[in-house]
Structure formats: C-alpha cells, structure tokens
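Visitor: One structure coming up, written as structure tokens, with questions to follow.
The values are calculated or read from the model by the stated rules, or taken from the named source; none is laboratory data. Predicted model, so just to flag it, every value in this text is computed and none were measured. Heads up, the Cβs are rebuilt from the backbone with ideal geometry, glycines too, and the neighbour counts pull from every protein chain shown. Surface areas here come from the heavy atoms of the whole protein model, side chains and all, with no ligands, DNA or RNA. Shrake-Rupley method; radii C 1.70, N 1.55, O 1.52, S 1.80 Å.
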Amino acid sequence: MKHYVSFMLVAAFVSLNLSSQELKTPEQFLGYSPGERFTLHHLIDGYFRHMAEASPNAEYIQYGVTWEGRPLGVCIISSPVNLANLENIRMSNLQRAGLAPGEPVADAVPIVWLAYNVHGSEPVGSEAAMKVLYTLVTESYPGADEWLKNLIIIIDPCQNPDGRDLFTTRYLRAQAFPPSSDPNAWEHNQGWPSARLNHYLFDLNRDWSWHVQQETKHRMKLYNSFMPHIHADFHEMGAGSSFFFAPGAEPWHEAITPWQKEYHTITGKTTAKLFDDANRLYFTKDNFDLFCPSFGDTWPLFNGAMGFTIEQGGGAQAGLTFNREGVDTLTLKQRIEGHYLSSIGMIAAANDNRERLLKEFGEFFRSATTNPTFKYKTIVIKGSNDAASLTSLKNLLESNQIRYSSPRVTGRKLTAYDYRSDREGNVTVEKNDLIISAFQPQGRLMQVLFEPDSKSSDSISYDLTAWALPYVYNIEAYAVEEKLAAAEAPAAETAAALPVDSMKPYAYAAPMTGFNELRFMAELYKSGLNVRYNIKPFVTEGKTFGRGSVIVASGDNMKAVDFDRKVAEAASKSNITAVKLSSGLVTEGKDIGSDYAPVNKAPAVALAGGEGTSQAFGEIWYYMERELEFPVTVIEGADLPDSDLSDYDILVLPGGDYTKAKDRIMAFVKDGGRVVAIDNAMALFRSEKTTELGKATEAKETEDKKSVKSTVGDTTLLTRYEDQRRIAATDRSSGAIFRVRLDDTHPYAFGMGKEWFLMKRNTGFPFLEKGRNIGYITDNKPVAGFAGYKFCQKVRNTNVIASERIGEGEVIYISDDPYFRAYWKSGRVLLGNLILR
C-alpha cells in the first residue's frame with residue numbers, strides 16, 4: 001500500500017505509487033545477512049524505497065542528489081493515521097515555532113530524525129539504518145507500535161553516498177577471503193582520497209552551519225521543512241574505542257538551554273540501560289563537546305532540537321573483522337548492534353518524554369522571539385559592503401531561517417560594538433543597511449553566528465572556538481544593544497543591464513568592490529577577451545575607479561567577435577554593472593593604455609592534488625569549479641616530477657610535501673611561472689637557502705637560538721600527566737580569528753581593504769627583506785576565539801601573505817588556508833586576485 005505526501009518542499013520529492021508487495025527483511029532484499037559484507041549505496045536506497053512501497057507505515061522522499069549523481073533520500077515512519085495527516089502535522093509544527101504563517105490545525109507530534117553515515121568511511125551507520133527501519137516498519141520491537149502512534153520518525157540512511165560508495169568499492173576490491181582481522185591487511189588500510197569526505201573532499205559534518213556543499217544544501221531544505229524535535233547523528237570513531245553516547249562533553253555553548261542539557265542526561269540513561277543489559281562497553285561526557293555550531297549535534301541544538309552525536313568504535317580501519325591488539329575481535333555485526341541499540345534508545349526516550357519535548361520545543365522559539373538572551377539585540381550590516389559578500393550572507397541567513405530587514409528609522413547615531421575594530425564605537429543607521437534582530441524565532445542561532453567572541457567554559461575544544469560571520473565575510477558590521485524597528489525585507493537586487501545604444505565604447509570598466517568583479521574577469525577570459533586592471537585609482541567621465549577595477553578595452557580585442565555582447569553577458573552573469581567609457585584619456589590618474597593598467601590574457605591554471613595534500617586542495621578545486629567557475633587542471637602531486645608544466649601559467653600547491661618535484665617546480669618558476677604555495681607547501685622554498693623565504697627563515701632560527709635558555713633544573717617541566725592536552729593547547733590555535741594588516745596597494749590585496757580576518761591555525765613566517773610583504777599580523781592576540789599564549793607570542797609580527805621573484809617567475813606564500821572549509825568567503829577575493837591578475 002502506498003500513500004502520497006504533499007509537502008511544499010523545494011527539494012525533489014519522489015512519490016511512489018506502486019501496488020503492495022511482500023515486505024522483505026534486509027537479508028531477503030540484499031541476498032546476505034547484514035554484517036556479512038558492506039552494502040553499496042544503491043542497494044541501501046533500494047531497500048528504503050522497497051519498504052515504503054510495501055508498507056503503510058513508511059514514506060520515501062528523495063530530497064536531492066550528490067555531486068556524483070547519487071540519490072539522497074529518507075524514509076518517514078509512523079502510523080498510517082499520522083502519515084495520512086503528515087502535511088498538517090509538519091506545517092503545524094513550523095507554525096508553533098513561528099517559522100511559518102498561520103495557526104496550527106493538527107495536534108503536535110514529536111519528530112525524531114536519525115541520520116547515518118555522514119562520513120563515508122564510517123560505514124556501519126547505513127547498515128544499522130536498514131535494521132532500524134525494518135524493526136520500526138514491522139513494529140517488531142516491544143513498544144514499537146506505540147512509538148509509531150506517538151512519533152514521526154525520519155531515517156536518513158546515508159548523508160554521504162559518494163564517500164560511502166568510495167569506501168565500499170575499495171573494500172570489496174581489497175577484501176580477503178575469508179576477511180582478515182589483521183590490522184596490517186590491505187582491506188583495513190585505504191588510501192587517498194579519504195572516503196570520509198564527499199566528492200570535493202569536504203567533511204560534511206563541518207558544514208551544518210555554512211551550507212556550502214550540495215548535499216548539505218539539499219538536506220537543509222528538508223530539515224527546515226520539518227524542524228525535528230530530536231536529531232541524532234551516528235558516527236564511528238577509532239577501532240580501539242568502545243561506544244560514546246550522551247551526555248556530551250564540556251564545553252557546552254551558553255545558548256544551549258537547561259532542558260536540552262537535562263534531556264541529554266535522560267537519553268543517556270535510557271541508552272545506558274540497553275547497553276548494560278547487553279554487557280556492552282561505553283562512555284559519556286568525554287571528547288565530543290557541544291560548542292562549535294558546525295556539527296550535526298550542535299546546529300540542531302541551536303535550532304531547538306535535541307542534538308546528539310553517537311559514536312561506535314570501528315571506522316574505516318575496522319572492516320568486517322578487526323583484531324584489537326589481542327584484546328578481542330571487533331566485527332561489523334557487533335558494530336551494527338551498537339548503533340541499532342542506540343537508535344532504539346533514542347526513540348524510546350523521545351516517546352517517554354514526548355509531552356515535555358513538545359512543550360520545551362515551543363518555549364525555545366517563543367522565548368527567543370520575546371526575550372532573547374543575546375546581549376546585542378540588533379546586528380547592523382552596512383549596505384556599503386561589497387555586493388558579493390552581502391548576497392552570500394543573505395543566502396546563508398535565509399538557509400538558516402534567520403530573518404533580516406531594512407531599518408525603519410534611519411539617520412540615528414548609535415553606540416555599538418564595531419566588529420572590525422574589536423571595540424565599542426558608533427554607527428549611523430542608513431537606508432541601505434541590513435538589520436538582523438535577536439527578537440525572532442531563530443534568535444539563539446542568530447546569537448551563535450554573530451556573537452563577537454564565543455564564551456567557552458574550557459579552552460580545550462573539539463574544533464573551532466570562533467566563527468562570527470562579520471569576520472567570515474570581512475564586512476563592516478556593528479552589534480547594538482538596542483532593539484531597532486524593522487521595515488519590510490529589502491527586495492532582491494539585480495545588476496543593471498548594459499544599455500543598448502549605437503555608441504561603440506572605447507572600453508568597459510567595473511569598479512573593484514569584491515568577488516563579483518573577479519567573476520566578471522573570469523567570464524571575460526573564458527569568452528576569449530583580454531582584460532586590464534588598474535594599479536592606481538583614476539577618475540574619468542565623472543566616475544572614480546579604485547585600484548583593481550576591471551577594464552576590457554576594444555583596442556585589446558580587435559579580433560574579437562561580438563565584443564559588446566560578450567561583455568554584456570559576462571556582466572550579467574557576474575551581477576555587476578560595467579560602465580561604458582568613450583575615451584582612454586582619464587581626468588585624474590593614469591590613462592587606460594598606460595603601464596599602470598597592464599593587459600592580460602586568460603591564465604592556464606594547474607592545481608596539485610593527491611596523496612598527502614591538505615584539505616585546501618578540495619576547497620580550491622571546489623572554488624575554481626563552483627565559485628569562480630574558471631578552468632583548472634588537477635595534477636597528482638606524485639606526477640609533478642614528470643609533468644610538463646610549460647602549458648601552465650599558474651601552479652597552486654595546497655599544503656603537502658613536494659620535495660620530489662622540487663627541481664620541476666623551481667624550473668617552472670624560473671621560466672616565468674607563478675606558484676601559489678599554501679601552508680606547509682612553503683617548505684619547498686623555505687628549504688632553498690637562495691630564496692628570500694629561506695634567508696628570512698634561517699635568520700629567524702639563528703635569532704631564536706640565541707634566546708634559548710637551558711632547561712637544566714627548570715621546574716616548569718614538572719607537569720602532571722593529566723594536564724598534557726591543556727599544556728599542548730598553550731602552543732596552538734583552536735580555530736581563532738586574527739586580524740591581518742594588508743598592503744592594499746598590492747594587486748593581490750585589491751578589493752580586500754586595509755584589513756582582513758583569517759582563521760589562524762599556523763604561526764606564520766618571517767618578513768621578507770627583498771620580497772613583498774602583503775599581509776601580516778602585528779597583534780599578539782586574536783580578535784575572537786582561543787589561542788594559547790605561546791602561539792600568540794609566535795604569531796606576532798609574522799607574515800600571512802608574501803611574494804618574491806625567482807628568475808622570471810614569482811612565488812606567493814600563504815601561511816594558512818585562506819578559504820577555510822569554503823565558508824570563509826572573504827578568502828575568495830584573495831584567491832581570485834592570485835589567479836586572475
């Protein structure tokens with residue numbers, strides 16, 4: 001029997017209207033017992049579709065596809081009565097939260113969302129999901145019939161199908177017969193790229209707040225259309241570990257409510273009873289904290305749900321059977337049982353506490369709307385910020401269901417926290433500004449994403465300790481303690497089309513404001529046009545063009561066909577307005593045909609990837625193809641020593657060891673190539689004593705040796721064993737944000753202003769005596785987040801961005817990942833400048 005569901009979803013919806021068929025167990029459907037082998041994604045998805053086709057207790061929704069075209073789907077499990085009324089239940093839940101207009105027409109029903117396999121190389125989740133699905137649909141666990149009457153249960157069996165299939169196909173290729181439990185066996189050791197990640201090598205469990213990747217974007221649309229009361233994210237950890245479930249570890253973010261903390265304990269006790277009865281080992285309150293909003297436990301918590309991370313010992317190395325140092329042998333079947341029991345515990349706890357869950361869920365949103373806890377009641381985003389950053393920010397706010405508007409009253413001068421200066425200042429609210437009020441249903445999430453510096457109960461955290469959006473986008477923004485009245489949300493703006501007239505322009509020019517102009521350059525290059533940019537500002541025909549403005553002159557493109565049409569199309573696609581210029585003679589500054597406006601053709605770009613490269617590889621690959629939309633050739637790092645690089649103008653080296661390709665890379669630079677060396681890729685040039693970087697590093701090391709004190713009798717070495725992590729934290733940055741001073745006259749800093757903010761994780765490198773020091777840190781503390789005192793001492797007066805000439809070419813050094821996890825959008829401008837100028 002099959003039902004239809006009429007969700008108003010943007011995500012794709014698969015409605016199956018097939019006749020009844022016999023309900024199959026996972027073993028009957030797959031042809032083998034779960035745990036005997038790893039299951040390919042199409043079979044997992046097929047089983048979920050089968051259960052929805054065969055049972056009145058399940059519905060299947062395909063909510064999207066991955067980058068590689070695999071379906072993303074969920075099953076919704078409940079009683080036939082609830083499923084028949086599902087649209088009303090769904091909408092009424094949103095209305096009670098204040099996230100949809102209208103009054104609820106259906107009784108409240110708790111929604112429990114179980115999500116598995118966000119990391120492809122943590123494969124037990126999808127295997128367990130099939131067992132959980134069968135148990136619920138057939139009501140074969142004691143009390144399951146009541147659960148289906150009282151709850152809506154959503155199961156997403158695989159959040160990362162591309163990563164899962166990469167893991168599974170590799171394992172099937174390497175698997176011994178019978179499977180080997182030896183940790184040294186091929187089947188237990190997979191190579192690059194990590195199957196943990198998606199197609200672009202992103203960790204999807206770090207993308208919950210930022211919505212960068214396609215899989216996340218699709219999932220967010222479905223999630224926001226339900227807003228579940230429970231969200232449990234099922235993972236695996238190292239094979240030597242036992243099992244982790246709630247409560248989570250410290251630090252907990254202060255936006256998490258007392259009830260959410262209490263419910264973590266409730267669920268933990270319910271699950272512990274199941275594990276105790278089965279004599280299974282486990283631990284709680286350790287390692288997996290609830291602070292950074294990037295995860296599948298914290299982001300749901302900040303969205304009113306009870307968010308959980310569940311971790312089974314196993315992971316990629318465990319395979320089908322794994323010898324744990326002679327203690328025991330861990331099998332896939334045992335791991336399936338762990339996630340199965342924890343899933344049952346999650347559902348049972350929700351059923352037992354359903355009335356309180358519903359009450360507190362509503363209160364979460366009501367209290368945020370009427371009495372927000374955030375010190376700052378309004379965020380003011382200046383309308384003068386560059387259009388690309390504003391558009392990206394608006395898209396992110398909308399995806400997170402955070403409301404923004406125009407100010408109702410303008411012209412007032414207000415006391416406010418200035419994000420850029422990191423201190424109290426003043427702001428005058430103007431017509432084109434955006435304001436974001438804390439008085440809204442998503443007020444707590446708004447607080448988390450805009451708090452200037454997140455407060456943590458412990459400096460030791462699992463991931464980042466800072467993420468405020470004004471720093472992410474490098475925009476002018478202010479936090480005001482006063483509630484500002486809001487007008488209607490501003491209408492979407494579109495770039496004005498180039499006017500159609502008979503005048504043949506001398507050139508077109510677009511003032512440099514940010515990433516949109518770089519997109520414009522990329523589109524012009526792709527259409528075969530030559531492009532200029534001005535090194536010095538100029539004024540012509542009553543308009544001012546700052547440094548880095550994009551100029552495309554007809555005189556540089558005499559052989560171009562449909563020159564004006566190509567420019568118009570590039571401007572439209574890039575959402576910019578290109579100004580027609582009638583002459584190359586300017587009123588002030590340097591003329592368009594001067595050496596201060598160099599002309600360039602489209603560069604050929606190569607990107608090193610492969611074994612040993614850092615996460616920046618996937619980010620830059622994604623940036624080139626999906627953000628800048630400019631051609632790039634990916635070359636395996638291992639192939640660089642034998643690669644012919646003469647066809648390329650630019651070689652980008654993400655973090656990695658390129659020692660074996662040193663001669664080839666140095667020859668490429670000396671012959672006129674440009675190399676962008678990121679993170680530890682700089683070591684290739686640091687080790688070369690003839691480079692400016694090598695000389696500066698050697699001088700710094702010599703200086704440091706003079707200040708080294710003897711450790712003989714040093715009592716500070718007498719530390720406690722239990723303090724090891726805390727001591728190590730003094731010498732690192734836990735994802736803290738630092739201010740970077742910029743030489744805004746340098747082409748690589750055009751459009752970035754005089755300052756930039758960076759997610760700092762490395763200590764930087766010395767100033768270059770004869771190179772160009774483009775971006776540097778002069779402070780000894782971050783503007784937000786935690787960095788140890790030793791780290792802060794090391795980072796002061798160091799470079800972040802610098803360049804030097806080597807032979808006929810150039811090397812640009814960047815100490816840290818400038819486009820961190822692809823949500824650090826201000827890094828787009830730096831990368832675009834390096835590639836296109």
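Visitor: Could you tell me which of the pairs 760/794; 359/455; 377/781 are separated by over 20 angstrom between their Cα atoms in the structure shown?
Guide: 359/455; 377/781
Visitor: Next up: Calculated FRET efficiency, residue 594 and residue 687, Cβ-Cβ r, R0 41 Å, to nearest 0.05?
Guide: Approximately 0.55, to the nearest 0.05.
Visitor: Taking the mean number of other Cβ atoms within 10 Å as a proxy for protection, how do you rank 822-829, 433-440 from highest to lowest?
Guide: 822-829, 433-440
Visitor: Under 30 Å Cα to Cα from residue 590, which lysines show up? Leave out anything in the same chain fewer than 8 places away.
Guide: 504, 526, 536, 543, 559, 566, 573, 580, 601, 754, 770
Visitor: Averaged per residue, what accessible area in Å² does the chain show with a 1.4 Å probe, protein chains only?
Guide: Dividing the accessible area of the chain by its residue count gives 40 Å².
Visitor: Could you work out [θ]222 nm for the chain from helices alone, using -39500 (n - 2.57) per DSSP H run of at least four and dividing by all its residues? Round to the nearest 500 deg cm²/dmol.
Guide: Mean residue ellipticity at 222 nm (helix-derived): -9000 deg cm²/dmol.
Visitor: Positive end of the charge dipole of the chain (Lys, Arg +1 and Asp, Glu -1 on Cβ, about the Cα centre): tell me which of 336, 416, 294 has its Cα farthest that way.
Guide: Among 336, 416, 294, the one farthest towards the positive end of the dipole of the chain is 416.
Visitor: Calculate the dipole size of the stretch 707-771 relative to its Cα centre from +1 charges on Lys and Arg beta carbons and -1 charges on Asp and Glu beta carbons; express the result in debye to the nearest 20.
Guide: 120
Visitor: Moving on to the next point. With an 8 Å Cα cut-off and a minimum separation of 6 or more residues, compute the relative contact order for the chain in percent.
Guide: Answer for the chain is 9 percent.
Visitor: Is the C-alpha gyration tensor of the stretch 691-837 telling us rounded, prolate or oblate? Criteria: a/c under 1.5 is rounded; beyond that, a/b larger than b/c is prolate, otherwise oblate.
Guide: oblate
Visitor: Another question about this same structure. Among the GluC sites (Glu not before Pro) within the stretch 81-157, which fall in a DSSP loop and have no more than 10 other Cβ atoms within 10 Å of their own Cβ?
Guide: Passing both the DSSP loop test and the Cβ count: no residue.
Visitor: Now for a separate question. Using θ = phi - 60° and the Karplus form 6.51 cos²θ - 1.76 cosθ + 1.60, what ³J(HN,Hα) does each residue of the stretch 707-713 get, whole Hz, x for Gly and Pro?
Guide: My calculation for the stretch 707-713 gives 9, 6, 9, 5, 9, 5, x Hz in order.
Visitor: Can I ask one more? Quick check: pseudo-label points 7 Å beyond the Cα along Cα→Cβ at residue 769 and residue 701, how many nm apart are they?
Guide: In this crude label model, residue 769 to residue 701 measures out at 1.7 nm.
Visitor: From the phi angles alone, apply the Karplus equation (6.51, -1.76, 1.60; θ = phi - 60°) to the stretch 96-106 and give each ³J(HN,Hα) in whole Hz, x where the residue is Gly or Pro.
Guide: My calculation for the stretch 96-106 gives 5, 7, x, 9, 8, x, x, 9, x, 10, 10 Hz in order.
Visitor: Okay, next question. With charges only on Cβ, +1 for K and R and -1 for D and E, what is the dipole size of the stretch 172-225 about its Cα centre, in debye, rounded to 20?
Guide: Once rounded to the nearest 20, the dipole reads 280 debye.
Visitor: To the nearest 0.05, how large is the calculated FRET efficiency for residue 169 and residue 65 if R₀ is 25 Å and r is the Cβ-Cβ distance?
Guide: Step by step, r from the Cβ atoms, then E = 0.85.
Visitor: Can I ask one more? Which shape class, rounded, prolate or oblate, goes with the stretch 88-156 when its Cα gyration tensor gives a ≥ b ≥ c as root eigenvalues, a/c under 1.5 marks rounded, and past that a/b bigger than b/c marks prolate?
Guide: oblate
Visitor: At a Cα cut-off below 24 Å, give the lysines reachable from residue 131, other chains included and same-chain residues fewer than 8 away excluded.
Guide: Within the straight-line cut-off, residue 131 pairs with 2, 24, 149, 269, 273, 333.
Visitor: Could you size up the charge dipole of the chain around its Cα centre, putting +1 on the beta carbon of Lys and Arg and -1 on that of Asp and Glu, and report it in debye to the nearest 20?
Guide: In total the dipole reaches around 1720 debye.
Visitor: So for each of 615-624, 395-404 I average, over its residues, the number of other beta carbons within 10 Å; can you give me the resulting order with the highest mean first?
Guide: 615-624, 395-404
Visitor: Something else now. At 0.36 nm per residue, minus the direct Cα-Cα distance, what do residue 355 and residue 455 gain on full extension? Give it in nm, one decimal, please.
Guide: Net length gain for the segment: 32.8 nm.
Visitor: Using a simple spin-label model with points 7 Å from Cα along the Cα→Cβ vector, what separation in nm is obtained for residue 280 and residue 636?
Guide: 4.0
Visitor: Given a 1.4 angstrom probe, I'd like the percentage of the accessible area of the chain that is carbon and sulfur, rounded to a whole number.
Guide: Whole-percent figure for carbon plus sulfur exposure: 49.
Visitor: On to the next question. For the stretch 622-723, what is the relative contact order in percent, using Cα pairs closer than 8 Å and at least 6 residues apart in sequence?
Guide: 19
Visitor: Under the 0.36 nm per residue contour assumption, what length would be gained going from the current alpha-carbon distance of residue 432 and residue 375 to full extension?
Guide: 18.1 nm
Visitor: The list (i) 59, 29, 27; (ii) 41, 34, 26; (iii) 46, 33, 28 gives values of semi-axes √(5λ) of the Cα gyration tensor in Å, and only one came from this structure; which label was calculated from it?
Guide: (iii)
Visitor: What do you get for the angle between helix 827-836 and the principal long axis of the chain? Use alpha-carbon atoms, 0 to 90 degrees, nearest ten.
Guide: It is inclined by approximately 50 degrees.
Visitor: Just want the answer: with Cβ charges of +1 for Lys and Arg and -1 for Asp and Glu, which residue in 197, 235, 216 is farthest toward the dipole's positive end in the stretch 181-236?
Guide: It is 216, whose Cα lies furthest towards the positive end.
Visitor: Among 449, 148, 609, which residue has its Cα furthest toward the positive end of the charge dipole of the chain, with +1 on Lys/Arg Cβ and -1 on Asp/Glu Cβ?
Guide: 449
Visitor: Let me ask something else about it. Spin-label point model (7 Å from Cα, Cβ direction): what's the residue 421 to residue 184 distance in nm?
Guide: Placing both labels 7 Å along Cα→Cβ, they lie 6.5 nm apart.
Visitor: FRET efficiency for residue 727 and residue 779, Cβ-Cβ distance as r, R0 = 35 Å, nearest 0.05?
Guide: Computed FRET efficiency for residue 727 and residue 779 comes out at 0.90.
Visitor: Hey, another quick one. For residue 261, tell me the accessible area in Å² from a 1.4 Å probe, rounded to the nearest 10.
Guide: 90
Visitor: Between residue 176 and residue 408, 0.36 nm times their residue separation minus their Cα-Cα distance comes to what?
Guide: Roughly 76.6 nm would be gained on extension.
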